[in-house]
Amino acid sequence: MKINVTKNIAKFVDPKSPRNVRLMAASGAIPLPPRDLLKILYILCFDKDVEIKKKAQNTLKIFSTDIIVETIKRGIDPGAIDFLIRYHKDRTKFVKIVILSEFTSDNTIAYLAQVKNPAIVEMISNNYVRLSRSQKIFNALMENPAITAAIREKLRELRDGFGASPTETTVASETVVKTNARVGVADAGDEKIPEEKSIVDTTTPRVTGTVTGATTSGAGEGAKKPADEDEEEKKTIGQKIMFMSVSEKMKLATKCDKEARTILLRDSNKLVITATIKSPKITDEEILNIAKSKQSSDEALRLIVMNNEWTKNYSIKLALVNNPKTPPGVAIRFLKFLTKKDIKSVANSKGVSALIANSAKKIISVREKKR
């Protein structure tokens, strides 16, 4: 992996620089922007000098969450993000921004997907773009003991929606801390780049870059375009929605296609769900699928139940009765409209609550007595 550094940064990480200068940098006592300081600390965490290495690591441990979050928003090296997350995975605000950031590598997300924290598991499970392209993330979530039955079921539905298991693709953010990584010197504004400069020779990342001009990393490096352009378009839609505000999502809900509505219906905000359900473009087939899905939100089901046109549809009534998330009172009310065959099926179903199953048995008993 190549990490772009300017001359100002290079002088703090070059092993040929005075030791006291590198030690001062490792302490964070240099007047540089947080983004540059984080990059310096990240590189010094692999310095051959044990004291410098430990001091840089300790400085990273106490770094302000707000500063780290703001820096990530502006963009830092994926390797630095990966390194920081090992220290700060207990900081909810930091973890959330890492999961959402386009600069975070899929490998880093896969690491977080193994953390036994229900909140982290849920956040990652909502990132459909990454799940659609990374088998590592998908598998890590499925194997995490902190995963709930509801999330596991949602992941299975997503996998079925992909048509196959997620496939790994090489993306710009897929660069993480690797052996033999290289750090080059990049242009910084009007600074003149040295004609040739050898930089730090450390362990990991190994800094051996010989620079004759600006090097590139991050966006664009090693990226592969998916063979299926439609699939790439899907990822673009998901990525856009991920970073939209509530009002933007609500506006999109009124005019988007089925694929975008599917994503919006899984949003945590009730206003977004309401706007999507009430979209003039939504179809009865979509409503039926929502009524069937155990992953549908309570708000989505409530809105369906309140719509008399939709509940006139027999298939939707049946789906609501069989959905364990439907309020019991509603499910029992709709039971009375089902055929004898379907009521018997509900009575014997293990997918509904005992209350619903027993209510179905009572209805069968009453109908048989009337005969």
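The values are calculated or read from the model by the stated rules, or taken from the named source; none is laboratory data. In this text the structure is predicted, and so the values were computed from the model without any measurement. Every residue, glycine as well, gets a Cβ built from its backbone with ideal geometry; the counts of neighbours run over all protein chains shown.
Overview of results
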| item | result |
| --- | --- |
| Residues that are under 42 Å from the mean Cα position of the chain (by Cα) and touching a residue at least 24 places away in the same chain (Cβ under 8 Å), drawn from the range 344-371 | Val346, Ser349, Gly351, Val352, Ser353, Leu355, Ile356, Ser359, Ala360 |
| Residue tally, condition of a type in the set (Asp, Glu) and not in a loop (DSSP other than H, G, I, E, B), over the range 242-259 | 2 |
| Flag for Phe83 being part of a loop (DSSP other than H, G, I, E, B), within 28 Å of Met24 (Cα to Cα) and assigned by TED's automatic domain parsing to the domain that holds Leu141 | no |
| Candidate set from the range 260-292 (those that are of a type outside the set (S, T, N, Q) and assigned to a loop (DSSP other than H, G, I, E, B)); member that is surrounded by the fewest Cβ atoms within 10 Å (Cβ to Cβ) | Pro280 |
| Scope the range 333-351; condition β-branched (Val, Ile, Thr), surrounded by 12 or more Cβ atoms within 10 Å (Cβ to Cβ) and within 16 Å of Ile316 (Cβ to Cβ); matching residues | Val346 |
| Odd one out for Glu309 among (1) more than 20 Å from Asp284 (Cα to Cα); (2) in a helix (DSSP H, G or I); (3) free of Cβ contacts under 8 Å to residues at least 12 places away in the same chain; (4) not hydrophobic (A, V, I, L, M, F, W, C) | (1) |
